[in-house]
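Worksheet: one structure, shown below.
The values are calculated or read from the model by the stated rules, or taken from the named source; none is laboratory data. Every value quoted in this text rests on a predicted model; they were computed, and no experiment measured them. Don't worry about glycine lacking a Cβ; one is built from the backbone with ideal geometry, like all the others, and counts go over all protein chains shown.
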Amino acid sequence: MAVSSTNRDMKIFVTGASGYIGGSITNALVSTEHQVMGLCRSTDKAEWLKQKGVEPILGTLNDEQVLFQAAHSADAVINAADADNPFVVDVLLRALEGSGKKLIHTSGSSIVGDRAAGKFSDRIFHEDIPRPIRFEKIGRVAVDTRVIEGSVQGVHSVVMCPCLIYGQGTGLHPQSIQIPRMIEIAKKCRTARYIGTGENIWSTIHIEDVVGAYLLALEKAPSGSFFFLENGESSFKAIADTIHSRLGFAGTAQSWTVEEAVQEWGQEGAHFAFGSNSRIRSSKARSFLEWIPKNPSVIDWLNNADLRGFAA
């Protein structure tokens with residue numbers, strides 16, 4: 001039996017409940033008077049969740065029975081733990097099969113990333129147009145597709161696909177990945193870094209606006225839907241130059257090669273997280289969910305943030 005999407009007191013199971021995205025969503029769900037169960041791997045994290053008003057579910061993504069039982073008992077599930085894990089998605093879909101309950105899965109816009117090595121691309125992607133799939137991203141795209149196809153199994157399935165996220169989260173881990181790692185390297189090298197010419201562009205979104213989109217998706221997202229989430233974009237050179245200036249270093253940020261970046265950020269990081277273009281538009285989220293992002297751009301946010309306390 002389907003659960004009413006307008007119910008403000010739903011029981012929601014969140015994977016990644018102590019992480020950056022999942023933790024921020026969890027905190028907002030509790031604030032809006034939902035009952036939240038959060039998957040966590042340690043007793044310390046379980047205690048932290050309890051203090052936040054969350055029922056901790058002790059286990060890992062490998063504990064299929066734990067995942068199945070928690071999802072089966074919930075009114076809705078938000079998977080914010082691992083965008084590339086097909087086994088978790090399979091368990092969650094089986095637990096919700098035939099129920100009409102929502103499964104909201106978290107993807108990421110590197111699915112449209114290229115291997116540009118810092119070069120500019122004018123390609124912009126919308127939700128419903130064909131897009132190239134690089135070999136390295138086949139797995140994530142397959143997971144997204146499997147979630148969407150869950151709608152034929154009686155699961156109200158939704159995929160949320162944010163881009164470069166910035167801002168202070170409200171979970172146990174309050175920092176994102178890309179910008180904190182750039183800040184970490186800047187402190188280590190005494191200069192901020194970008195790859196190649198740094199003209200590659202990513203769409204960007206503040207964590208508070210991400211959370212707002214998820215809350216709206218719980219209420220309004222159609223079954224089988226896919227949403228990009230963005231609110232502006234920036235080149236990596238502009239981000240690096242701003243970090244460099246805000247940390248008080250002389251001169252400007254410096255370029256390095258992909259090979260140099262791989263030594264610090266690994267293959268995935270250098271080629272996709274920092275060296276690629278990932279330009280998306282969220283017209284569907286704004287239309288279907290009536291989502292209105294409210295936070296400043298990533299450059300404006302960097303110009304007002306205290307970067308010295310950041311750690312990757």
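For the range 62-162, list the helices (runs of 4 or more DSSP H) that sit wholly inside it and hold at least 3 residues that are among the aliphatic types (A, V, I, L, M) and over 20 Å from the mean Cα position of the chain (by Cα); which are they?
64-73, 86-96
Just to be sure before I move on: is Arg281 of a type in the set (Lys, Arg) and touching a Phe, Trp or Tyr at 6+ places or on another chain (Cβ under 8 Å) in the structure I sent?
Considered against the rule, which asks whether it is of a type in the set (Lys, Arg) and touching a Phe, Trp or Tyr at 6+ places or on another chain (Cβ under 8 Å), Arg281 comes out as yes.
Consider Leu58 against the criteria (1) in contact with a Cys (Cβ under 8 Å, 6 or more places away or on another chain); (2) surrounded by 16 or more Cβ atoms within 10 Å (Cβ to Cβ): it satisfies all of them except one. Which criterion is unmet?
Condition not satisfied by Leu58: (2).
Go through (1) at pLDDT below 95; (2) part of a loop (DSSP other than H, G, I, E, B) one by one and return the number of the condition Asp44 breaks.
The failed condition is (2).
How many of the residues in the range 164-209 are farther than 28 Å from Ala117 by Cβ and out of contact with any helix residue (DSSP H, G or I) (no Cβ under 6 Å at 6 or more places or on another chain)?
The qualifying residues number 4.
Can you pull out every residue in the range 233-263 that is under 30 Å from Ile78 (Cα atoms) and either among the acidic types (Asp, Glu) or in a helix (DSSP H, G or I) (or both)?
Glu233
Return the residue satisfying two criteria in turn: it lies in the range 126-148 and is out of contact with any Leu (no Cβ under 9 Å at 6 or more places or on another chain) and charged (D, E, K, R), and of such residues it is modelled with the lowest pLDDT.
Selected residue: Arg131.
I'm trying to understand the selection: among the residues of the range 64-95, which are more than 21 Å from Tyr20 (Cβ to Cβ), of a type outside the set (Gly, Ala, Ser) and in contact (Cβ under 8 Å) with a residue 60 or more places away in the chain?
Within the range 64-95, Asp75, Pro86, Leu93 qualify.
Please go through the range 81-103 and pick out each residue that is among the hydrophobic types (A, V, I, L, M, F, W, C) and touching a Leu at 6+ places or on another chain (Cβ under 8 Å).
Within the range 81-103, Ala81, Phe87, Val88, Val91, Leu92, Leu93, Ala95, Leu96, Leu103 qualify.
Filter the range 282-312 down to residues that are assigned to a helix (DSSP H, G or I) and in contact (Cβ under 8 Å) with a residue 60 or more places away in the chain, then give me how many there are.
The qualifying residues number 11.
Which of the following residues is in contact with a strand residue (DSSP E or B) (Cβ under 6 Å, 6 or more places away or on another chain) and of a type in the set (D, E, K, R): Lys237, Lys220?
Lys237 is the lone residue from the list that is in contact with a strand residue (DSSP E or B) (Cβ under 6 Å, 6 or more places away or on another chain) and of a type in the set (D, E, K, R).
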